[in-house]
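Please see the structure below; I have some questions.
The values are calculated or read from the model by the stated rules, or taken from the named source; none is laboratory data. Computed from a prediction, not measured in an experiment: that's the story for all the values here. FYI the Cβ positions are ideal-geometry reconstructions off the backbone, even for glycines, and counts take in every protein chain you see. Accessible surface is based on the protein model in full, side chains and every heavy atom, while ligands, DNA and RNA are left aside. Shrake-Rupley method; radii C 1.70, N 1.55, O 1.52, S 1.80 Å.
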Protein chains: 2
Amino acid sequence: MKLERPDVRAHVLRAALLAIDEVGPDRLRVRDIAERAGMSSGHVMYYFGKRDRILVSTLLLSEDELAERRTAELATVADPREAVGRLVEMYLPAGAGDVRWRLWAQIVARPPQDEETLARIAGFTGAWARELARIVVRGVGEGLFRPVDDPEDHAMRMCRIMDSLASDVLLGLPGCDAGWAHEQAMRAIRRELLP
Amino acid sequence: MKLERPDVRAHVLRAALLAIDEVGPDRLRVRDIAERAGMSSGHVMYYFGKRDRILVSTLLLSEDELAERRTAELATVADPREAVGRLVEMYLPAGAGDVRWRLWAQIVARPPQDEETLARIAGFTGAWARELARIVVRGVGEGLFRPVDDPEDHAMRMCRIMDSLASDVLLGLPGCDAGWAHEQAMRAIRRELLP
DNA sequence: TCCAACTTTGAAAGCCATTCTAAAAAGGGA
DNA sequence: TCCCTTTTTAGAATGGCTTTCAAAGTTGGA
């Protein structure tokens, strides 16, 4: 059986996700990926050209998948209050080793240059904010939340606060674990939504 | 003339700051620092042991110095409204290449393990928030700002929003330059302070 | 069946942090 | 001042990892 070019890429990215989970994106060697994908390092390079591009592509994949899971899962939550909690839980890192967030950290430390990738990255954060705004609007409509003057703006600010909380979790600052971050985020969000 | 041990370290860190400004913390080679400090690479390693520790120490130095400049400079600003603007300007990156922020990004991507360093890092962000809170309290006292229920909490949230804005600037997301970040930060802060 | 383009491998090149060796310089105590 | 010990310094050796390369293997179409 033979895999088409895009399939091989996807296969490599899954291997990368696995490998990153085990060794972390900073210590990740091309060989770690190649081993897990069952191919040679040179072969992986043939498909991606640069180690960095593997990381970026992996983040894009991971973020794409999470976005899908997000919309799917949030669709099943009727209560907006609960939906906010669920979104926050999905957005924030599950711990200091959270793959998705460690990838983000890596990308920020060494940002891609090409405009197209940057645009996609911006799109991700925008999508999260819009999703949150949608939930808030629904909650306001149902009289569960206090009206917000600009839901998009509010949502964006909340996502920004969560970004920073995530960063503290990743750093492993004393007392800053996943539960703490969730608590902090919820407090900030509730502050504006509940009187 | 002979430099004492701590002086040599400081000398190296200044060289590092210079070097980082020129090549960026990610591409920074130990040799880049050594050259600029007028010593051999081995010698630099003798003092720091690991390249990573140079980066961490450089961030700590840079952050210490900025904290000093901050308190010095803010003491000269009478109007709290102006002081807030000044603080925001000092906090946020001056551009995508901002040394201090690129160092932060590097540290988050590869966090130090030792508790003492982490505690110092946490201290920095705390100090920023306290400084902002102090200004806000003063402004409230003078009747310039709307009263805030918990100034520390407000300040921390604002700093978090700025962290995330900084990250967008560093990434070089389309439209996210230093001016944009300043504008966004000010809007978020004013939102709660001005009615 | 044969050719041209694409895949795949494993080794070579080159770069860099880190370690090591040995020389040089300081610092004291007699 | 003269040794001896400790610290500092330079520069070369090591080992690991990305990236490049050359050659062998496949595929698909003419």
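If you check A:PRO147 against the conditions, is it over 22 Å from B:ALA166 (Cβ atoms), touching a helix residue (DSSP H, G or I) at 6+ places or on another chain (Cβ under 9 Å) and free of Cβ contacts under 8 Å to residues at least 60 places away in the same chain?
Numbers: over 22 Å from B:ALA166 (Cβ atoms): yes; touching a helix residue (DSSP H, G or I) at 6+ places or on another chain (Cβ under 9 Å): yes; free of Cβ contacts under 8 Å to residues at least 60 places away in the same chain: yes.
Yes, satisfied.
List the pairs whose first member sits in segment A:180-191 and is within 19 Å of A:ALA94 (Cβ to Cβ) and open to solvent by 50 Å² or more (accessible area, probe 1.4 Å), whose second member is outside any helix (DSSP H, G or I) and of a type in the set (A, V, I, L, M, F, W, C), and whose Cβ atoms are under 8 Å apart, counting only residues at least 6 apart or on separate chains?
Within 8 Å, the pairs are A:HIS182/A:LEU92.
Somewhere in segment B:77-90, is a residue away from DNA strand D (no atom under 16 Å from the Cβ), closer than 30 Å to A:VAL99 by Cα and surrounded by 15 or more Cβ atoms within 10 Å (Cβ to Cβ)? Lay out the reasoning, then the answer.
Step one: list which residues in segment B:77-90 are away from DNA strand D (no atom under 16 Å from the Cβ), which gives B:77-90.
Pick out the ones that are also closer than 30 Å to A:VAL99 by Cα and you get none.
Looking for residues that are away from DNA strand D (no atom under 16 Å from the Cβ), closer than 30 Å to A:VAL99 by Cα and surrounded by 15 or more Cβ atoms within 10 Å (Cβ to Cβ), one finds none in segment B:77-90, hence no.
Is it the case that B:ALA34 is out of contact with any Cys (no Cβ under 8 Å at 6 or more places or on another chain) and within 13 Å of DNA strand D (Cβ to nearest atom)? Spell out how you get there, then give the answer.
Details: out of contact with any Cys (no Cβ under 8 Å at 6 or more places or on another chain): yes; within 13 Å of DNA strand D (Cβ to nearest atom): yes.
Yes; evaluated as a whole, the condition is true for this residue.
Please count how many residues of segment B:15-49 are aliphatic (A, V, I, L, M), within 23 Å of the chain's Cα centre (by Cα) and either within 13 Å of DNA strand C (Cβ to nearest atom) or open to solvent by 50 Å² or more (accessible area, probe 1.4 Å) (or both).
Result for segment B:15-49: 8.
Another question about this same structure. Name the residues in segment B:53-112 that are in contact (Cβ under 8 Å) with a residue 12 or more places away in the chain, of a type in the set (Ser, Thr, Tyr) and farther than 20 Å from B:GLU183 by Cβ, would you?
Scanning segment B:53-112 gives B:SER57, B:THR58, B:SER62, B:THR71.
How many residues are crowded, with 20+ Cβ neighbours inside 10 Å and either outside any helix (DSSP H, G or I) or hydroxyl-bearing (Ser, Thr, Tyr) (or both) if we restrict to segment B:50-61?
The number of residues fulfilling the criteria is 1.
Give me the helices (runs of 4 or more DSSP H) completely within segment B:3-49, filtered to those with at least 1 residues that are among the basic types (Lys, Arg) and more than 24 Å from A:VAL108 (Cα to Cα), ordered by residue number.
B:5-23, B:30-37
How about segment A:98-195: which helices (runs of 4 or more DSSP H) wholly inside it have at least 3 residues that are more than 10 Å from chain B (Cβ to nearest Cβ)?
Output list reads A:115-141, A:151-171, A:178-193.
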